[in-house]
Amino acid sequence: MQASIIIIFLALAAIIWGIQRYRVKARRNRLLQEPLAPEHITILENNVPLYTRLPEEFRESLQGCINYFLDEKVFVGREGLEITDEIRLVIAANACMLLVNRKMRCFPGFETILVYPDTYVARNVSYDGLVEVHEDSTRAGESWYRGPIVLSLADVVRGSSSEQDGHNVVLHEFAHKLDEENGFMDGLPVLRESAHYKAWAEVLTREYDEFLDRAERGKNKVIDEYGAVSAPEFFAVATESFFEKSKQMKKRLPELYQQLQTFYGLDPAEW
Ligand SMILES: [Zn+2]
């Protein structure tokens with residue numbers, strides 16, 4: 001008698017789980033196919049030049065991705081900042097550029113985006129032997145492993161509005177989120193096919209070494225020198241340049257461009 005009650009209970013739990021899963025999937029598919037409201041498209045046209053450059057064939061996909069992103073993520077204003085539709089849309093549109101032709105989930109593993117009005121001070125804690133060392137640093141953004149993204153609105157606006165200077169804090173921080181999807185933030189994100197890993201490792205390792213060498217000689221022109229900090233930072237700043245200095249990257253660093261083109265499924269140098 002007791003065994004049959006347990007079986008009925010488990011069957012019911014499985015049915016409820018199946019229904020919930022179906023609902024989540026149906027909601028996601030509906031959001032991905034829904035176009036943005038005309039007033040929201042106007043916000044993108046006025047604030048996100050990358051959106052206006054994006055070829056027509058990807059616009060529908062980007063709008064669906066933005067819908068899904070806005071449904072999934074929670075925006076929290078800091079230091080009294082009020083989160084508006086414009087703030088949400090500008091951040092979502094830049095972040096979704098990375099997903100527009102990747103058919104991936106919407107940056108899984110975290111939910112919250114904290115937005116400060118301007119650069120903010122973060123406190124680093126490190127240890128020198130047994131001594132705890134506190135160091136304050138001013139930041140435009142950061143991505144916590146399996147945790148929130150933090151952004152300075154002033155830098156978001158600056159990065160989004162000048163789309164050819166190679167600086168875009170939203171592209172940068174969300175590239176880190178793609179990087180950590182396999183469980184490690186190491187500059188190696190999840191590639192489309194297992195056959196792609198060998199070429200990625202060869203090209204990215206070589207390009208990173210050459211980049212470090214150029215940076216040391218002050219001869220670096222395409223990628224921000226902040227990439228010299230580590231391989232994950234190199235991937236994040238290379239992503240910024242891929243979208244914002246795409247023609248220069250394709251011309252000067254064609255192999256790196258080719259790897260990112262395959263990864264993102266986009267060719268922004270031709271937009
Ligand atoms: Zn970074």
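The values are calculated or read from the model by the stated rules, or taken from the named source; none is laboratory data. Since the model is a prediction, treat every value here as computed from it, not as a measurement. Here Cβ is always computed from backbone atoms with ideal geometry, including for glycine, and neighbour counts include all displayed protein chains. For accessibility, only protein heavy atoms count, side chains too; no ligands or nucleic acids. Shrake-Rupley method; radii C 1.70, N 1.55, O 1.52, S 1.80 Å.
Things to note:
- Those helices (runs of 4 or more DSSP H) lying entirely in segment 30-118 with at least 2 residues in contact with a Phe, Trp or Tyr (Cβ under 8 Å, 6 or more places away or on another chain) and touching a residue at least 40 places away in the same chain (Cβ under 8 Å): 49-53, 85-97
- For segment 199-211, the criterion of being open to solvent by less than 60 Å² (accessible area, probe 1.4 Å), hydroxyl-bearing (Ser, Thr, Tyr) and away from the ligand (no atom under 15 Å from the Cβ) is satisfied by no residue at all.
- Here is the figure for segment 157-183: residues that are over 13 Å from the mean Cα position of the chain (by Cα) and within 15 Å of the ligand (Cβ to nearest atom) total 3.
- Comparison of 127, 145 shows that the only residue that is away from the ligand (no atom under 16 Å from the Cβ), more than 24 Å from residue 50 (Cα to Cα) and open to solvent by 50 Å² or more (accessible area, probe 1.4 Å) is 127.
- Subset tally (residues that are open to solvent by 10 Å² or more (accessible area, probe 1.4 Å), assigned to a helix (DSSP H, G or I) and in contact with a Ser or Thr (Cβ under 8 Å, 6 or more places away or on another chain)) for segment 221-267: 1
- Checked against (1) of a type in the set (Gly, Ala, Ser); (2) assigned to a loop (DSSP other than H, G, I, E, B); (3) within 15 Å of the ligand (Cβ to nearest atom), residue 218 passes all but a single condition, namely (3).
- When 114, 188 are checked against the criterion of being aliphatic (A, V, I, L, M), open to solvent by 50 Å² or more (accessible area, probe 1.4 Å) and within 16 Å of the ligand (Cβ to nearest atom), a single residue qualifies: 188.
- Options 75, 58, 110, 9: the member that is more than 27 Å from residue 192 (Cα to Cα), within 18 Å of the chain's Cα centre (by Cα) and of a type in the set (A, V, I, L, M, F, W, C): 75
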